[in-house]
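Structure, as structure tokens:
Just so you know, all these numbers are worked out from the coordinates, no wet-lab data involved. Source: prediction; values computed, not measured. Because the Cβ atoms are built from the backbone with ideal geometry, glycine has one as well, and the counts that use them run over all protein chains shown.
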Amino acid sequence: MSDAGRLRGPLVHPVVVGLTLRDLLGRRRLILLALLPLILLGLAVTSRALRGAGGREASDIVQQAGFGALLPLLALIAATGTLAPQIDDGSVVYLLAKPLSRHAIIRSQALVAYLTVVAFAVVPMVVSGAIDEGRLGAVTRSLAVGALAAGAAYVAVFTLLSVVSRNAVLFGLIYALIWEGVVGGYVPGAKNLSIRQWGLSVSESLLGAPASEFGVDSPVGAVAAALLLALVTVGSIWFAGHRLRSLRLRTSD
């Protein structure tokens, strides 16, 4: 089947989704996926015991431990746990031999990775925020929406990275821990190029005027942040599919 024919296929392929779920949620990786949110929940309980409940307390724990560590790390584990192992062990050749759109393969695997991020990162962030806020209040809800948007962008970037590099995990860790966790969180100019800050901008716009009171602020405007998140998400997924087409040629040589 020609590439043009493949492009008329479904947006996502159920068979690829099923295979990706099986590979991603294996026993060892599932333990790691579950461990990180448990750490966040433990920090939230400790913060509630020491500081009491309030919007600022919820904002602090979700921003620092959630946006700063859990969200990018879970996205990295999920995104690189879909295609990268198949490339490393050569089983991707079997998948690419099927008459499937390369873009549909990437979209299917990215969807599984994103749903994993929602389940193991965003939901624990919501629970942690509710624990520290004392309820499922405006601060927790707004941060959850920002996390959903940022999580999609993280998954897209790490999915692309897993296609273009065999060292995706290493480069992803450097990006997640150093750029997003440190540089993008504290260096003023670099904040404009941080997915974390774009997601927080979405949360800030939802909170409105009280955002500064709860420490939810971003140097990036809400409209610009939304556009950047959409551009990075869609662009990374498209380019990953484009690169996967050339990967077929390389593996068949």
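Pick out, from the range 161-253, the helices (runs of 4 or more DSSP H) lying fully within it that include 1 or more residues that are exposed (fewer than 15 other Cβ atoms within 10 Å of the Cβ). Step through it out loud before you land on a result.
On the way: elements: 168-173, 195-207, 222-251.
Fully inside the range 161-253 and qualifying: 168-173, 222-251.
In the set (1) without any contact (Cβ under 8 Å) to a residue 24 or more places away in the chain; (2) under 16 Å from Ser108 (Cβ atoms), Ile237 fails one condition alone, (1).
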